[in-house]
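Values quoted throughout were computed directly from the atomic coordinates according to the rules given, and no laboratory measurement underlies them. Since this is a predicted model, take the numbers as computed values, not measurements. No Cβ is skipped: glycine too gets one built from the backbone with ideal geometry, and neighbour counts run over all protein chains shown.
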Amino acid sequence: MKIIFATGNKGKLREAAEILGEGFTLMCPADIGITEDIEETGETLEENSVIKADYIHDRTGMDCFADDTGLEVDALGGAPGVHSARYATEGHDFDANIDKLLAELEKCPGEPRTARFRSVVTLVFKGERHFFEGTLEGVIAPARRGGNGFGYDPVFIPDEFPENTVAELDDETKNAISHRGKALRAMAEWLRENA
Ligand code: IMP
C-alpha cells in the first residue's frame, strides 16, 4: 500500500522503509512537493505526532503517518522529552543537543544515567487516527561513540547491548530493538489486519 511518512528526517525515513519492508510504498512529503517545516507546537509527543500527520493528511487526503520521539533522562526529570529536537538551539542541531545533554548530566554526579527513547506514531488511515507507541530503555554514555544512526544515538547505550551505543549498531540491529521499530511494527501489523 502507498503511504506517506510525514518526516523530512532521512534517518527516520530509511529506518521506516526497512522496518515496514515490502508491501508498503513509502513516500515523504518532499516527494509530493511539500517541503516546508511543520511547526511542532504541541506539549506532548502525542500532540506533535498528530500535528504532523494531520498537516499532511489535510493537504493530500492520503493515508499517512508521523512519529514524534523524545529522549527522557531520569536524572533530568524526563528532559529533554518533547523538546528533544530543540534542546540546545532552535535548529535541529544534533551535535549541540548532545553537548548540552552531557553538560547537564555532569551537573548531576552520582545520579543514575538511565533514560529511554519514546516514540509515538499517529497513523491517519481512511481519515481516522490510530496511535502506536514504542520505547527503548538504556543509559546515557559519558561521551560519543559510533558513526551510525542519527540524533542522540552516539550517547545512548541500550539495555540489550550494554557494550555499545546505538550509533555502534548496524541498522538492522537498531530497528529490531528500537522505539520506532516497535511502534512501526505495531502499525504495520494493524494495517495488515485492517487495510
Ligand atoms: P523528532 O521526533 O523528529 O521531533 O525528534 C526529536 C529529537 O530526537 C531529534 O533531535 C531527533 O534527532 C532525536 N531522535 C529521534 N529519533 C531518534 C533515534 O532513533 N535516535 C536518536 N535520536 C533520535
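Listing for the model above:
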read-out: Spacing of the two label points (7 Å from each Cα toward its C-beta) at E163 and E90, in nm; value: 4.5
read-out: Which of F24, F132, F5 has the fewest Cβ neighbours within 10 Å, and the rest in rising order; value: F24, F132, F5
read-out: Using alpha-carbon coordinates, inclination of helix 94-106 to the longest axis of the chain, degrees; value: 40
read-out: Low-density loop cleavage sites - trypsin sites (Lys or Arg not before Pro) in region 60-145, where at most 12 other Cβ are within 10 Å (DSSP); value: K107, K126
read-out: Fewest-first ranking of S119, S49, using other Cβ atoms within 10 Å as the exposure measure; value: S119, S49
read-out: Per residue Cα convex hull volume in Å³ - calculated over the chain; value: 109
read-out: Nitroxide proxy distance, nm - points 7 Å out along Cα→Cβ at A17 and D31; value: 0.9
read-out: Relative contact order computed over the chain (Cα-Cα under 8 Å; 6+ residues apart), in percent; value: 19
read-out: In order through region 120-127: 3J(HN,Hα) via Karplus (6.51 cos²θ - 1.76 cosθ + 1.60), integer Hz, x for Gly, Pro; value: 10, 10, 9, 9, 10, 10, 6, x
read-out: Kirkwood-based Rg to Rh ratio, region 1-107, C-alpha trace; value: 1.02
read-out: Helix 45-60 axis, angle to the chain major axis (alpha carbon atoms, nearest 10°); value: 30
read-out: Mean residue ellipticity (222 nm) of the chain, computed from DSSP H runs ≥ 4 via -39,500 (n - 2.57), nearest 500; value: -10000 deg cm²/dmol
read-out: Where a label projected 7 Å from the Cα of H83 along Cα→Cβ would reach, residues of region 145-177 with amide N under 18 Å; value: 152
read-out: Among Y87, V139, A115 the positive-end extreme of the charge dipole of region 68-165 (Cβ point charges); value: Y87
read-out: Nearest-ten-degree value, helix 10-20 long axis tilted from longest Cα axis of the chain; value: 60
